[in-house]
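Rule-based calculations on the coordinates, nothing more; no lab input. For clarity, every value in this text was computed on a predicted model and none was experimentally measured. Neighbour counts are summed over all protein chains in view; Cβ atoms, including those assigned to glycine, are modelled from backbone coordinates with ideal geometry.
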Amino acid sequence: MDQPAVGTAAIIPTPAEAAPSLQAWSVSGLHCAACADALAEWLRAQPGVQHADVGYAAALAVVRAAPAVQQGLPAAAHRAGYGLAPATPADAAALRQREARVLLWRLFVAAFCMMQVMMLAAPTYFAAGAEVPADLRRLLHWGSWVLSWPVMLFSAQPFLQGAWRSLRRRQLGMDVPVALGIVITFAASTWALNDPSGREAVYFDSLTMFVAFLLAGRWLEMKARHGAAQELAALTASDTPDVAREHADGSVSTVSATAVAVGDVLRVALGERVACDARLVEGITQCDEALLTGESLPVPKAAGDRVWGGSVNLGGPVRVRVERPWADSQAQRLAQGLAQALTERPRLRPEAERWAGPFLAAVLTLALGAGVAWWWIEPSRAVMVACAMLIVTCPCALALAAPAARVASARALARRGVVLQRLDALEVLAGVDQVVLDKTGTLSRPAVRPSAPTGAAALQAAAQALASWSQHPMARAVSRLPLPTTAPPWVWHSVSEQPGAGLRGLDPQGRAWCLGAPAWVGASGSWAQSALVFGPEGQEAVLGFDQDEEPLPSAGRLVQRLKAMGLTLRLLSGDRPERGRAMAVPLGLDRAEGACTPEHKRAAVEGLQAQGHRVLMVGDGVNDGPVLAQADAAVAVGGASALAGRAADAVLLRADLGALADLLLQARATHRIVRQNLTWAAAYNALAVPLALMGWLPPWAAGLGMALSSALVVGNAMRLVR
């Protein structure tokens with residue numbers, strides 16, 4: 001770990017020189033993947049923006065730019081027809097609420113006008129032409145025309161604006177055929193009003209109906225996206241912590257972490273989580289950085305050392321000087337890493353882009369051909385058939401098939417503490433047949449072995465009772481030991497903890513005992529070689545504990561579940577071969593290798609791939625970067641360090657390894673749902689297109705079918721959440 005020199009002058013940029021930073025934004029106004037691409041291109045074109053990605057499924061944008069440039073992005077996005085708000089829980093929720101309210105109003109207007117137009121059109125449905133006088137028929141048609149204007153000017157705007165944005169980019173987006181169908185239907189019906197007899201066919205009822213149906217489908221799809229965004233935000237979002245800020249006169253005030261500035265001095269109590277990336281200015285302590293770096297043992301810290309935001313102070317009270325604000329701390333970068341992952345373009349995306357344009361061009365050509373053919377067969381039905389073709393062949397359901405399922409799975413996995421860094425990795429995870437596991441930090445945790453004289457059960461019970469007062473990993477390892485059955489209960493008083501040394505407590509008789517480092521306790525001889533010792537204060541130690549390791553409680557269940565799924569499990573460890581085998585045999589792993597360097601691990605995975613296997617690598621994200629990158633799919637256990645490394649496809653944020661089996665099962669379920677969605681979308685188009693060509697599918701029915709098809713795809717994907 002780099003240790004820059006102490007001091008803030010070299011690390012505090014002036015406002016004019018502020019370095020570009022990565023910021024996540026919540027987005028509104030996205031209706032398809034083409035919208036996300038359009039917004040991303042628009043943002044990249046803004047002066048000062050170095051990088052921008054927009055994810056449609058999670059409605060997130062990630063932009064790298066200087067803070068001054070970031071402040072102007074919402075206005076720039078508004079000019080392009082989109083909304084941006086900082087991806088904080090409150091701002092994102094407010095943006096989603098505004099988006100939902102506007103769409104609901106559009107749906108209400110379209111549905112209300114649809115019902116009124118249908119009421120005016122009803123006489124022509126149920127009566128023969130001669131029974132409705134021409135002047136009354138014209139009056140009914142003009143009334144329908146007037147009621148269609150609110151639909152055109154307000155409700156249909158998302159489709160018209162989306163098509164216009166696509167055409168301005170010289171691309172054929174999914175809104176183009178829908179918008180053409182809407183405009184042609186309205187224009188042709190308006191032209192038909194000039195028929196003096198009033199018998200020329202008008203389609204205002206179909207127009208308002210399919211706009212209402214399409215908006216209903218978008219409403220359901222939007223609610224699904226909002227639910228996923230809410231669930232994913234809850235994974236890393238937490239209440240902003242309060243911190244103790246020290247003033248120049250020595251006084252202390254409690255403020256929100258968001259109010260802390262670079263250079264402020266904070267007091268961090270024992271057991272408190274450090275809020276910001278900072279540097280220790282006074283005190284000696286140890287920090288638990290397991291969530292941030294994957295390091296299972298506490299890291300000693302002295303004056304001048306850097307402490308990371310999100311780490312836990314395990315020593316004593318210390319003073320730190322802030323080097324980065326709370327929003328840019330190591331812990332908050334975890335949330336940014338998740339946001340960036342959700343906006344990355346899938347690896348298989350270019351294939352979809354290659355066929356999307358030709359497919360939509362074929363749709364337009366087919367609709368034009370159908371209209372021309374029906375112009376010769378029955379001119380009065382030509383417009384209806386062409387519009388029905390434009391609407392029914394819109395590939396909305398096909399486009400939603402995979403993204404909806406992947407986001408639903410990301411939402412479900414987020415509840416279990418699994419961060420998907422690349423959504424398309426679910427497809428790869430569904431096909432793995434070999435799982436390669438690291439040992440230290442992945443399958444095992446620190447443990448201790450008592451090194452006690454005969455009849456020391458009471459001493460071990462006393463040491464365990466004292467160890468239970470500390471959250472230090474080694475103390476927790478002592479307290480996890482099986483309690484001797486013959487040991488009497490032990491009660492300690494006036495327990496204190498010396499940072500980096502150990503625990504001191506008074507027994508019922510008032511004698512002081514110590515548990516900690518041999519040098520601090522005063523051990524000599526063979527006890528001095530132990531990891532921890534226990535004994536009376538000022539006297540020779542009477543009990544020792546040697547450092548060891550043990551499988552995580554969930555490791556055995558994980559192996560059983562993975563083997564039941566038909567997977568082959570291998571252990572590649574950098575530890576001694578005998579220690580690797582000692583861990584692998586009881587767990588039931590298929591094969592174990594020790595003394596593996598990172599390069600050896602990478603070569604082993606490459607060899608499996610050469611044999612045709614799909615390999616999943618599971619490591620702690622600390623020194624497994626090469627092999628994580630080599631594997632077909634990679635899962636890191638260790639939190640934010642793995643997110644920062646970007647080598648893994650998914651990260652397990654919690655210690656429960658059962659989430660790995662859940663991830664693989666979820667990936668297989670996602671694969672099944674995607675196949676079901678694609679099959680349904682293809683079957684729907686195969687059935688609906690011939691009906692539209694034959695003139696048996698009016699535009700309103702085409703709109704209803706497209707909306708129901710999209711809703712069915714989204715609803716099927718939402719099963720993955722449960």
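Sorted by mean Cβ packing within 10 Å, highest first, what order do the peptides 261-271, 82-92 take?
In decreasing order of mean packing, 261-271, 82-92 become 82-92, 261-271.
With Kirkwood's inverse mean 1/r over C-alpha pairs for Rh, give me the Rg to Rh ratio of segment 242-329, two decimals please.
Ratio of gyration radius to Kirkwood radius: 0.94.
Please report the equivalent ellipsoid semi-axes of segment 521-618, computed as sqrt(5 x eigenvalue) of the Cα gyration tensor, largest first, in whole Å.
After diagonalising the Cα gyration tensor, the semi-axes are 40, 16, 9 Å.
Given the Cα-Cα distance of Glu272 and Gln560 and 0.36 nm per residue of separation, how much length would full extension add, in nm?
So the extension gain works out to 100.0 nm.
Expressed as cubic angstrom per residue, what is the convex hull volume of the alpha carbon set of segment 36-174?
Residue-normalised Cα hull volume stands at 141 Å³.
Using the Kirkwood radius over C-alpha pairs as Rh, can you work out the diffusion coefficient of segment 19-94 via Stokes-Einstein at 25 °C, viscosity 0.890 mPa s, in µm² per second?
So the translational diffusion coefficient is about 205 µm²/s.
Report the rotationally averaged projected area of segment 446-551 based on its alpha-carbon convex hull, in square nanometres.
The orientation-averaged projected area of the Cα hull of segment 446-551 comes to 6.3 nm².
Between Asp433 and Asp242, with labels modelled 7 Å along Cα→Cβ, what's the label distance in nm to one decimal, could you check?
That separation, rounded to one decimal, is 5.9 nm.
Can you give the FRET efficiency for Ala528 and Gln71, using 1/(1 + (r/R0)^6), R0 = 56 Å, r = Cβ-Cβ distance, to the nearest 0.05?
Computed FRET efficiency for Ala528 and Gln71: 0.40.
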